[in-house]
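Taking it in order: structure first as structure tokens, then the write-up.
Just so it is clear, none of the values below were taken in a lab; they were calculated from the coordinates. All values derive from a computational prediction rather than experimental measurement. When we count neighbours, we look across all protein chains shown, and the Cβ atoms used for this are built from the backbone with ideal geometry, even at glycine.
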Amino acid sequence: MTGKASAKRKPARPSKGLLSAPLLARFRSSFEMNEADRARFNAIAQCDLNELALSHELKAKDDGHFSHRVATKGITHQKAAGLCWLHASLNLLRPRVIRKLDLENFEFSTAYLQFWDLLEKGNRYLESIIKLREADPLDRSWKLLNLWIAGDGGWWAYAKALIQKYGLVPASVMPETKNNKDTRIMSKVLAELLRSKATEILREGDKGSKETALRKIKEGAMEDVFRFLSLNLGVPPTEFEWRYEKQKKAKGNGKQTVKQDRLTALKKYTPQSFFKQTVGLELSDYHCLFHTPDRPFGKHYVFDEQYCTVGNDEMNFVNLEIGEIKKICLKAILANEPIPFGVDMGIDQSTKHGLMEHKLFDYEALFGIKMDLTKAERKRLCAPRAGHMMAIIGVDLKKSVPQKWLIENSWGDGKGQKGLWTLFDTWFDEHVDHVIVHKKNIPAKTLKIFTEKPIRLPIWYWD
């Protein structure tokens with residue numbers, strides 16, 4: 001500073017909407033802490049808000065019983081990895097393997113699919129760098145591309161594409177590693193590696209080099225990414241040998257039965273043959289149904305640039321009223337089929353009690369305030385959308401009407417109700433965003449919508 005101001009002062013900002021002194025004084029005078037408020041303050045100042053706000057009346061509604069349950073076993077654990085979408089997708093397939101092979105339990109290797117997921121995401125990122133290399137740095141698509149480089153997150157569409165291309169292996173064939181279970185540091189280093197490779201591509205592009213030269217740089221970069229992932233997660237097998245124990249009940253004397261273990265012979269598989277022989281599903285027969293009231297219902301949509309593998313179709317869905325979605329889900333559960341689905345897990349759910357119910361935490365009563373929001377209003381105001389995927393594996397009916405749904409989470413058996421959650425039907429209305437169901441459970445009129453030209457949604461629609 002020189003002491004003399006030579007530049008003109010900028011005009012003051014308009015005072016309209018200002019939190020003025022008179023207005024603040026009015027706020028103070030309107031709030032006088034009475035005895036009830038003093039009791040509230042004493043409790044709130046020293047206690048967990050959710051413990052205070054938990055509605056024990058709503059909690060008592062859960063009797064732990066369900067009229068229909070999908071036949072499945074075991075609870076998976078994603079630990080400190082953002083792989084809920086992968087676990088939910090695989091939990092659609094696990095029961096088929098358990099039933100088909102007569103197993104006590106079974107898990108697929110998440111490290112195997114995680115390897116290919118991150119490799120494909122890295123390839124997609126660098127391919128997009130080549131495509132958008134002349135974009136304005138302030139362009140929204142460019143910004144999102146460089147924020148979402150190669151993280152853990154994903155959708156059913158990602159899992160489907162990965163399984164169709166790479167197959168599956170049992171957990172014992174490519175077991176967990178430290179960085180499969182806790183991805184935070186690995187993800188940061190991978191993002192930095194990809195940024196450095198993107199910079200090489202951009203430097204060459206700035207020289208006016210042709211796309212073939214840029215793609216050659218990209219291929220070399222992907223060799224480094226393959227090496228990095230191999231050292232973190234292991235090298236994915238091209239073939240393997242596997243055997244298993246069948247669990248059969250031998251005939252007893254009428255008083256008890258004795259389990260007899262039977263070990264099968266070693267058999268050689270490729271990941272693709274293992275998927276075909278043990279699962280044997282056509283994954284393209286599964287469709288995504290959304291309930292997003294900020295878009296017209298009965299329409300076909302596609303997310304722009306929302307894909308996992310280069311050359312694969314972008315993620316698409318049909319938007320339906322929530323009542324239609326619940327009818328389809330009920331049909332699937334009654335047919336003994338799990339349903340991967342996406343939710344906003346941050347509202348009115350208790351991890352401690354394994355409960356999801358609308359207004360489970362009564363903050364309005366606790367604070368003496370009103371917070372009325374519909375699902376459509378939350379969407380309009382960009383409230384968090386589906387950030388977690390799980391699987392529906394049961395329903396409780398009263399006079400053929402769903403009262404609550406049984407949920408299989410992937411947070412281990414130490415949370416919720418031994419890994420399970422009770423989702424009440426009113427919570428379904430408010431916080432379920434999308435479900436994945438087989439086409440046989442979807443009405444013909446809805447399947448027809450999937451054949452219509454989709455409405456494109458921008459890449460940042462789900463941001």
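Remark: relative contact order (the chain) = 22 percent; criterion is Cα-Cα distance under 8 angstrom and separation of 6 or more residues.
Shown in residue order for segment 377-388 are the 3J(HN,Hα) couplings computed by the Karplus curve 6.51 cos²θ - 1.76 cosθ + 1.60 at θ = phi - 60°: 5, 5, 5, 4, 9, 6, 4, x, 9, 4, x, 8 Hz (x for Gly and Pro).
Can you bin segment 411-463 into rounded, prolate or oblate? Criterion: square roots of the alpha carbon gyration tensor eigenvalues sorted a ≥ b ≥ c, rounded for a/c under 1.5, prolate for a/b above b/c, oblate for the rest. Cα axes put segment 411-463 in the prolate bin. Summary value for segment 141-291: 27 percent relative contact order, contacts being C-alpha pairs under 8 angstrom separated by 6+ residues. Placing R0 at 30 angstrom, the Cβ-Cβ distance between residue 397 and residue 101 gives a FRET efficiency of 0.45 after rounding to 0.05. Only DSSP H runs of four or more residues enter the estimate; each adds -39500 (n - 2.57), and after division by the residues of the chain the mean residue ellipticity at 222 nm equals -12000 deg cm²/dmol.
Placing +1 on each Lys and Arg Cβ and -1 on each Asp and Glu Cβ, with no other charges, gives segment 1-156 a dipole about its Cα centre of roughly 1080 debye.
Here the relative contact order of segment 1-152, from alpha carbon pairs under 8 Å that lie six or more residues apart, stands at 15 percent. Each other residue within a Cβ distance under 11 Å of residue 355 adds +1 if Lys or Arg and -1 if Asp or Glu, for a net charge of +1. Applied to segment 270-287, the Karplus parametrisation 6.51 cos²θ - 1.76 cosθ + 1.60 on θ = phi - 60° returns per-residue 3J(HN,Hα) values of 9, x, 6, 5, 4, 4, 5, 7, 9, 9, x, 9, 8, 5, 5, 7, 9, 10 Hz, with x for Gly and Pro. Take the alpha carbon gyration tensor of the chain, find the square roots of its eigenvalues, order them as a ≥ b ≥ c, and report rounded if a/c is under 1.5; if not, report prolate when a/b exceeds b/c, else oblate. Taking the square roots of the gyration eigenvalues as a ≥ b ≥ c, the chain is oblate.
Around the amide H of residue 459, modelled in the peptide plane, lie the amide H atoms of 304, all under 5 Å away and 5 or more residues distant in sequence or on another chain.
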